[in-house]
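**Q** Quick one: the structure is below, and I'll ask about it shortly.
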Amino acid sequence: SDPFVVVALGSTRHTSHVVDQNLDPVWNFTMDYPVHSAAQLVSFKVFDKDHYTSDDIIGTALDVPLTTLWTCNKLSPRKETGGVDVEDEDCLELPLQGPDSREGAGTIFVAGAFLRFTDHQIQSSCGVYLAAKVMQVRGLRHDAGEYPFRVQVSLAGHQLCTKCSQPPSEQAISEDLQELLRGLLEGGQSQESMEKSLHLESYDYEITKLRARLRPDDEKLKRDVLKQLKDRHATTPMFEQVLQILIPDGEAVLRLGAVVELRLIDKKDKLLDTICIKAKRILDREDKTLNGPFRLAGLGGKARLVGSLRLRFYTELELPKKQLFSSGSCDSRGRGESAGGFNLSAD
């Protein structure tokens, strides 16, 4: 088997890497989730990776109460192997249920920690939490690099990367407007003049697709649709992701010169440009948030990364299980928040 695990809590879902040809995989996979209620449930699904067909389900542990993770400590890596010695650690053993409710699909070992977030450093041992919202890049040149793109985010030696970019989503055209456009197109009006007269320049791709549907045998129009789709992907890649990084050594961020780096890389892992923002610039703001867009200076022109960066401090909660969510910290908007992180291994 080539197992990997998918862990879901609320609307947040994380997927581990694949361990090739192994029936006793060790992932050492850490995930961070926002937690809003003690009643929330977390689910674990282990799959066998298939390259030519859909992935096969190996086993699941569904609807596990978060409170059962409260007594679990973080797993410590074994220095000699890089794995985890689950026999010597206080972790939760979850039996996996196989397909069709069959038992005996193995056991997954889980450990977790619950964290309290604040906008201010309350003790010297505080960690730092970075939330990097990466929405899209605008204004790239067609020859800037090969799509799809990714964005790497790093701070104080910790790094995460977005998934591959997607072309921008299509803009919705109402049925009434579509009828009007069809009539104008069938009447012989050019797309360019129609876009200008109706102020629909930003809908060029959608209108080209509409033209292609009206003339299904026009091969040139089909090529135009594909070209415009490629152009949109090459010049306006979409990410719409939030990367969350926990940095246990908060002092490494508070030291003079700590920098958040946003790196745009292309399909071939070629570095296209790097945006460097001092952590102090974010921490000096009242809400600890810096909103973009951020200029990609190395690419010239109007290239911008749309998104935001937020820094917060955190400490590990040491409250009794029943008090876990009754004393949550509040941010500037008066909303209590906690988050859980899990380390995984299985056999």
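**Q** Could you pull out the residue among LEU305, LEU344, LEU299 that is at pLDDT below 70, of a type in the set (A, V, I, L, M) and either under 24 Å from LEU94 (Cα atoms) or surrounded by 14 or more Cβ atoms within 10 Å (Cβ to Cβ) (or both)? Let's see the steps before the verdict.
**A** Working: LEU305 fails: at pLDDT below 70; LEU299 fails: at pLDDT below 70.
From the options LEU305, LEU344, LEU299, the qualifying one is LEU344.
**Q** Are any of the residues in region 311-328 in a loop (DSSP other than H, G, I, E, B), polar (S, T, N, Q) and either surrounded by 16 or more Cβ atoms within 10 Å (Cβ to Cβ) or modelled with pLDDT under 95 (or both)?
**A** The initial filter retains those residues of region 311-328 that are in a loop (DSSP other than H, G, I, E, B), namely 317-320, 324-328.
The next check asks that each one be polar (S, T, N, Q); those that pass are 326-327.
Now restrict to residues that are either surrounded by 16 or more Cβ atoms within 10 Å (Cβ to Cβ) or modelled with pLDDT under 95 (or both): 326-327.
Within region 311-328, one or more residues are in a loop (DSSP other than H, G, I, E, B), polar (S, T, N, Q) and either surrounded by 16 or more Cβ atoms within 10 Å (Cβ to Cβ) or modelled with pLDDT under 95 (or both).
**Q** On to the next question. Given (1) touching a residue at least 40 places away in the same chain (Cβ under 8 Å); (2) farther than 29 Å from ALA234 by Cβ; (3) surrounded by 14 or more Cβ atoms within 10 Å (Cβ to Cβ), identify the lone condition not met by ARG182.
**A** Unmet condition: (1).
**Q** Now a separate question. Only one of these conditions is not met by PRO248: (1) open to solvent by less than 40 Å² (accessible area, probe 1.4 Å); (2) more than 21 Å from LEU181 (Cβ to Cβ). Which number is it?
**A** PRO248 satisfies every listed condition except (1).
**Q** Tell me, yes or no, whether region 256-271 has at least one residue that is under 18 Å from the mean Cα position of the chain (by Cα), on the phi > 0 side of the Ramachandran plot and open to solvent by 20 Å² or more (accessible area, probe 1.4 Å).
**A** no
**Q** Then there is this: Can you tell me which residue in region 116-151 is least open to solvent (accessible area, probe 1.4 Å), limited to those that are within 25 Å of LYS288 (Cα to Cα), in a loop (DSSP other than H, G, I, E, B) and not charged (D, E, K, R)?
**A** Only one residue fits best here, namely CYS126.
**Q** Here's something else I'd like to know. Can you say whether ASP100 is over 22 Å from the mean Cα position of the chain (by Cα), acidic (Asp, Glu), more than 28 Å from LEU229 (Cβ to Cβ) and open to solvent by 80 Å² or more (accessible area, probe 1.4 Å), as far as the supplied structure shows?
**A** Yes.
**Q** Hey, another quick one. GLY250 passes all but one of (1) more than 24 Å from VAL306 (Cβ to Cβ); (2) in contact (Cβ under 8 Å) with a residue 12 or more places away in the chain; (3) touching a helix residue (DSSP H, G or I) at 6+ places or on another chain (Cβ under 8 Å); which number fails?
**A** (3)
**Q** Within region 231-240, track down each residue that is outside any helix (DSSP H, G or I) and open to solvent by less than 40 Å² (accessible area, probe 1.4 Å). Spell out the reasoning first.
**A** First pass over region 231-240, keeping only residues outside any helix (DSSP H, G or I): 236-240.
Of everything in region 231-240, those that are outside any helix (DSSP H, G or I) and open to solvent by less than 40 Å² (accessible area, probe 1.4 Å) turn out to be THR236, PRO237, MET238, PHE239.
The values are calculated or read from the model by the stated rules, or taken from the named source; none is laboratory data. The structure presented is a predicted model; accordingly, all values stated were derived computationally and were not measured. We place every Cβ from the backbone using ideal geometry, glycine too, and count neighbours over all the protein chains shown. To get the accessible areas, we keep the full protein, side chains included, count just its heavy atoms, and leave off ligands, DNA and RNA. Shrake-Rupley method; radii C 1.70, N 1.55, O 1.52, S 1.80 Å.
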